[in-house]
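Read the structure below first, then the notes.
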Amino acid sequence: MKRKLRMGMIGGGNNGFIGAVHRMAAFLDNQIELVSGCFSTNPDISISSGKSYYLPENRIYKTYQEMFEKEEQVPTGERMDFVAIVTPNIHHYEPAIMALERGYHVVLDKPMTFSLEEAQKLKVKVDETGLVLALTHVYSGYPAAKEAKARVARGDFGEIRKVYVEYPQGWLSKRIELESGNNAGWRTDPKRSGKAGAMGDIGTHAWHLSEYISGLKVTELCAEIKAFVPGRPIDDDGAALLRFNNGATGVLMASQVAAGEANAIKIRVYGENGGIEWNQEQPNSLIIKWGHKPTETLLVGTNTYLSALPVYNTRTPAGHPEGFIEAFANIYRNFAFTVQAKLEGEQPKPEWLDFPDVNDGLRGMQFIETVVKSGYANDPKWVKWIE
């Protein structure tokens, strides 16, 4: 393909945080350009944001409905190829469906939808259209996470027995959603976030990483979730015991009231012969523990001893850390190459398909449904994975 993919954006105005992350990630590999967008539910913010991104005024829209209507009138060689949806959860499903119905591929923030029912319908639509949907579970984009996955998959540690994954944050230790100038408002409002708070926002990241690295699937769980901050109507903390499809067990913890923590997502996976540990705040280091020899610290970079997938997803020489933006960019780049291949009528390479998709999104919503059903019971109880 001899051109960049053209991206439209819904959400991502200059009054927020995550839109800038999406744009930096999308542009990093020079495969994507921003051509249009509706950047806020506030028309003034949408227009001012679009102007600050140097878009022509006729490609800046006041509503996403107007965006889809008017983009259809743009010449084929200029209109968007896909849309990135970076809005609160309540506004994921409808624009995603509208995009797919009009032939546009989709990049979507997680969790995929507001409800499980919406996720099921979105999955059907993606399957019907054959279009590509990428979900931004960013932590699976780190080269170290990919190396951990590769070593587990090739059997370095034997049969997997235990998975421990935790994601502590502390930014919601106080009820800052009552203040202005932060993103806490919609994240702590079940009318905009959906059934789960912390478990939906960051618990889904922990769950996804546990399945991505271990190669296993959660089949049932027993959870306890609660709101520690008085007056907060949705969970800000939770934990779950996990059972996996091979008989392994695990523990998942997600908290947004762990005062003093930033984004300390960490995972440990143990098999019969040893285990592997990764901490996102030390992104280029993997700790490998053995039952019969000393512990190793593996530094990730363009090293010859790494597996093919992390090398493909690494941009810098060893010793130069790759972090959040680069991991995000790996999702966008692999998505872009996959879409470009489809537009050319070609089969995407296997390494291009290494990004979270609609199936991960559906399982993420099933995780939320299952953990809420278990965690809000009077007594924590085991609940089978809700399909």
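Coordinate-derived values only; no laboratory data. Small disclaimer: the values here were computed from a predicted structure and weren't measured. Virtual Cβ from ideal backbone geometry, glycine too; neighbours counted across all protein chains shown.
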Any idea which of GLN282, GLY364, HIS292 is furthest toward the positive side of the dipole for the stretch 263-387, if Lys and Arg beta-carbons carry +1 and Asp and Glu beta-carbons -1? HIS292
On the formula 1/(1 + (r/R0)^6), with r taken between the Cβ atoms of ILE386 and ASN42 and R0 of 35 Å, the FRET efficiency rounded to 0.05 is 0.45
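For the stretch 1-159, give the magnitude of the charge dipole about the Cα centre (Cβ charges: +1 Lys/Arg, -1 Asp/Glu; no others), in debye to the nearest 20.
Details: 19 positive and 20 negative charges, 94 e Å.
Dipole magnitude for the stretch 1-159 comes out near 460 debye.
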Taking the highest mean first, how do the peptides 237-250, 142-155 order by number of other beta carbon atoms within 10 angstrom per residue? 142-155, 237-250
Calculate the spin-label point distance for ASN246 paired with LEU353, positioning each point 7 Å from the Cα along the beta-carbon direction, and give it in nanometres. 2.1
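What chymotrypsin sites (Phe, Trp or Tyr not before Pro) in the stretch 275-317 are in a loop by DSSP, with at most 16 other Cβ atoms within 10 Å of the Cβ?
On the way: sites: TRP278, TRP290, TYR305, TYR312; in loops: TYR305.
Loop-located and lightly packed - TYR305.
For each pair in LYS123/LYS162; LYS149/LYS289; LYS51/LYS125; LYS146/LYS289, compute the distance between the two Cα atoms and list the pairs where it is over 22 Å. The partial results should precede the final answer.
Working: LYS123/LYS162 30 Å; LYS149/LYS289 15 Å; LYS51/LYS125 33 Å; LYS146/LYS289 17 Å.
Exceeds cut-off: LYS123/LYS162; LYS51/LYS125.
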What Kirkwood hydrodynamic radius, in Å, does the stretch 87-182 give when the mean of 1/r is taken over all pairs of distinct Cα atoms and then inverted? 16.8
Please work out, to two decimal places, the log10 of the ratio I(q)/I(0) at q = 0.12, 0.13, 0.14, 0.15 Å⁻¹ from a Debye calculation in which every Cα of the stretch 2-122 carries one identical scatterer. -0.39, -0.46, -0.53, -0.61
What is the fewest-to-most order of ASP109, ASP379, ASP44 by other Cβ atoms lying within 10 Å of their Cβ? ASP379, ASP44, ASP109
With no solvent and one point on each alpha carbon, what is the Debye value of log10 I(q)/I(0) for the chain at q = 0.07, 0.11, 0.12, 0.14 Å⁻¹? -0.31, -0.79, -0.95, -1.28
Which one of ALA198, THR113, VAL126 has its Cα pushed farthest toward the positive end of the charge dipole of the stretch 111-206, where Lys and Arg give +1 and Asp and Glu give -1 at the Cβ? ALA198
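With charges only on Cβ, +1 for K and R and -1 for D and E, what is the dipole size of the stretch 307-377 about its Cα centre, in debye, rounded to 20? If you can, show how the numbers build up before the last one.
Numbers: 6 positive and 9 negative charges, 23 e Å.
Dipole about the Cα centre, nearest 20: 120 debye.
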Rg/Rh (Cα only; Kirkwood hydrodynamic radius) as it applies to the stretch 175-318: 1.04
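Based on Cβ point charges of +1 for Lys and Arg and -1 for Asp and Glu, what charge dipole magnitude is obtained for the chain about its Cα centre, in debye rounded to the nearest 20?
Working: 43 positive and 47 negative charges, 68 e Å.
So the dipole magnitude of the chain works out to roughly 320 debye.
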Going 7 Å from the Cα of ASN182 toward and past its Cβ, which residues in the stretch 257-273 have a backbone nitrogen under 16 Å from where you end up? 257-263
State, as an integer percentage, the relative contact order of the chain based on alpha-carbon contacts under 8 Å between residues 6 or more apart. 19
Among GluC sites (Glu not before Pro) in the stretch 270-339, those in a DSSP loop whose Cβ has at most 12 other Cβ atoms within 10 Å are GLU272, GLU281
When the Kirkwood hydrodynamic radius is evaluated over all pairs of different C-alpha atoms of the stretch 290-387, what value in angstrom, to one decimal, is obtained? 17.2
Projecting the Cα atoms of ASN273, GLY77, ALA184 onto the charge dipole of the chain, where Lys and Arg contribute +1 and Asp and Glu -1 at Cβ, the residue farthest towards the positive end is ASN273
Running Debye on the stretch 129-198 with equal point scatterers at the Cα sites and no solvent, what base-10 log of I(q)/I(0) appears at q = 0.14, 0.15 Å⁻¹? -0.77, -0.83
Gap separating the Cα centres of the stretch 78-126 and the stretch 150-198, nearest whole Å: 21
